[in-house]
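A quick write-up on the structure given underneath.
The values are calculated or read from the model by the stated rules, or taken from the named source; none is laboratory data. As the structure is a computational prediction, the values presented were derived from the model and not from experiment. Cβ placement follows ideal geometry from the backbone for every residue including glycine, while neighbour counts extend to all protein chains displayed.
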Amino acid sequence: MCLLITVMLAACGTDNIDISAYENDQIELIGIGEDPVSISIADLKAMECRTLKTESTSDKIGKVRATGPELDTVLKAYGASKEDFSKIIINGSDEYDVKLLNDYFTEHDIYLAIGIDGEPLDEESLPCRIIIPKSDSAYWVRMVKSIEFIK
């Protein structure tokens, strides 16, 4: 019986991150509809999330276990997909931004991490962190405040 429970929990694939300190923080999604959409971290956690072990291709960050929904899952909730856009701009509240072109973001999975290594995000990453498995950590934007989708 214990083995069955262990297997079932492992199959779930998601760490249960305590986001209570930042669950109401918002990220703005611009360009997926007529008007910008605000989505809370609680909304992200309520979506189909995944916990994945990955690492960046640069030495700066190393290996992480990130938990959150894939960008495809978020877009699907609004009737869109990555293929609908030519460019995505991810903006951090620290004024750091990353511009991704269609050929890059359609070939890579992009996660909106709400927790890292089974723990809530630290102050320097809130409210969410972008994780792109097996890519340079320069693309892993911290403190995401908005994501712009350009057709």
query = Where residues in region 17-57 are polar (S, T, N, Q) and in a strand (DSSP E or B), which of them is nearest to L126 (Cα to Cα)?
reply = Q26
Residues satisfying the stated conditions in region 46-104, i.e. without any contact (Cβ under 8 Å) to a residue 60 or more places away in the chain and of a type in the set (F, W, Y) = Y78, Y96, Y104
message = Suppose we keep only residues that are over 14 Å from the mean Cα position of the chain (by Cα) and crowded, with 16+ Cβ neighbours inside 10 Å within region 26-60. Which one would you say is modelled with the lowest pLDDT?
response = S56
ask   = Of the residues in region 61-98, how many are surrounded by 13 or more Cβ atoms within 10 Å (Cβ to Cβ), assigned to a strand (DSSP E or B) and not β-branched (V, I, T)?
value = 9
query = From the residues in region 89-124 that are of a type in the set (V, I, T) and out of contact with any Cys (no Cβ under 8 Å at 6 or more places or on another chain), which one is farthest from T54 (Cα to Cα)?
reply = I89
message = List the residue pairs whose Cβ atoms are under 6 Å apart, where the first residue sits in region 125-139 and is crowded, with 19+ Cβ neighbours inside 10 Å and of a type in the set (F, W, Y), the second is part of a strand (DSSP E or B) and modelled with pLDDT of 95 or more, and the two are 6 or more positions apart or on different chains.
response = Y139/V98
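Out of curiosity, is Y111 modelled with pLDDT of 95 or more, of a type in the set (F, W, Y) and surrounded by 13 or more Cβ atoms within 10 Å (Cβ to Cβ)?
Yes.
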